[in-house]
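**Student:** Have a look at the structure that comes next, please.
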Amino acid sequence: MKPTSDILDATFAALADPTRRAILARLATGEASVAELAEPFDMTQPAISKHLKVLERAGLISRGREAQRRPRRLEPRPLAEATDWIERYRKIWEGNFKRLDAVLQELKHKQKKTIDAVLDEGKPKPNKQRRTR
């Protein structure tokens, strides 16, 4: 088995192409033959086969065998590993964003207090009425 970093590298490289992502989306609904996978694309079957080889080398799909038919199917493990890796960083960034939100709220509050103080200084002071005798 490949080290995790090699699996992630291959997974992300395979996912970098929109055609391969579309193929994976189609396979998420069930297995399909090369002809079925090529159908929605304006490209030759050999071009689709090249995309399939990239996906197979990344471990994202596998090839079955049913008589003469060789359907491809989605292999979830590499995607799960990529999701786990992304999730770790999502949690880090989520924490960073929460801290940033708190700082921004504090600055907003301080700015409002400063503006209110400036506005109060600019208001005319109420005159104390003199007592008349």
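**Student:** Roughly how big is segment 1-111's charge dipole about its Cα centre, with Cβ charges of +1 (Lys, Arg) and -1 (Asp, Glu), in debye to the nearest 20?
**Tutor:** 120 debye
**Student:** How big is the gap, in Å, between the Cα center of segment 34-74 and the Cα center of segment 94-115?
**Tutor:** First find each Cα centre; the distance between them is then 51 Å.
**Student:** Hey, another quick one. Mind listing the long-range amide H neighbours of ALA32? Cut-off is under 5 Å, sequence gap 5 or more, other chains count too, H placed in the peptide plane at 1.01 Å from N.
**Tutor:** Residues meeting the criterion, in which the H sits 1.01 Å from N, are ARG72.
**Student:** Also, quick follow-up: What spacing in nm lies between the two simple spin-label points modelled at LYS53 and ALA80, each 7 Å away from Cα in the Cβ direction?
**Tutor:** 2.9 nm
**Student:** Ratio to report: Rg/Rh of segment 52-110, with Cα atoms as the point set and Rh obtained by the Kirkwood method; give two decimals.
**Tutor:** Taking Rg over the Kirkwood Rh, I get 1.44.
**Student:** Now a separate question. Which of HIS109, SER49, ALA32 sits farthest toward the positive end of the charge dipole of the chain, with +1 on the Cβ of Lys and Arg and -1 on the Cβ of Asp and Glu?
**Tutor:** Working it through, the farthest residue towards the positive pole turns out to be HIS109.
**Student:** Relative to the longest principal axis of the C-alpha atoms of the chain, give the angle of the C-alpha long axis of helix 45-57, reported between 0 and 90° and rounded to the nearest 10°.
**Tutor:** 70 degrees
**Student:** On C-alpha positions alone, give me the angle between the axis of helix 18-27 and the longest principal axis of the chain, in degrees, nearest 10.
**Tutor:** Compared with the principal axis, the helix lies near 70 degrees.
**Student:** In debye, nearest 20: dipole of segment 4-57 around its Cα centre with unit charges on the Cβ of K, R (+) and D, E (-)?
**Tutor:** 60 debye
**Student:** Could I ask something else about it? Considering just Cα atoms, how many Å³ per residue does the convex hull of the chain enclose?
**Tutor:** Value for the chain: 201 Å³ per residue.
**Student:** Residue separation times 0.36 nm, minus the C-alpha to C-alpha distance between LEU119 and GLN68: what's the value?
**Tutor:** 10.1 nm
**Student:** Using per-residue counts of other Cβ atoms within 10 Å, averaged over each peptide, order 11-17, 42-48, 102-108 from highest down.
**Tutor:** My ranking of the peptides, most packed first, is 11-17, 42-48, 102-108.
**Student:** Treating the angle as unsigned and between 0 and 90°, give the value, to the nearest 10°, between the Cα long axis of helix 4-15 and the longest Cα principal axis of the chain.
**Tutor:** 90 degrees
**Student:** Expected output is a single nm value to one decimal: the length gained when fully extending between GLU106 and THR19, i.e. 0.36 nm times separation in residues minus the C-alpha distance. What is it?
**Tutor:** 26.7 nm
**Student:** Any idea how many Lys pairs in segment 24-133 come in under 24 angstrom at the alpha carbon, given 8 or more places apart or on separate chains?
**Tutor:** Number of lysine pairs found: 10.
Each value in this text was obtained by applying a stated rule to the coordinates, not by laboratory testing. Keep in mind the model is a prediction, meaning the values are calculated, not measured. Cβ: placed from backbone, ideal geometry, glycine included. Neighbour counts: every protein chain shown.
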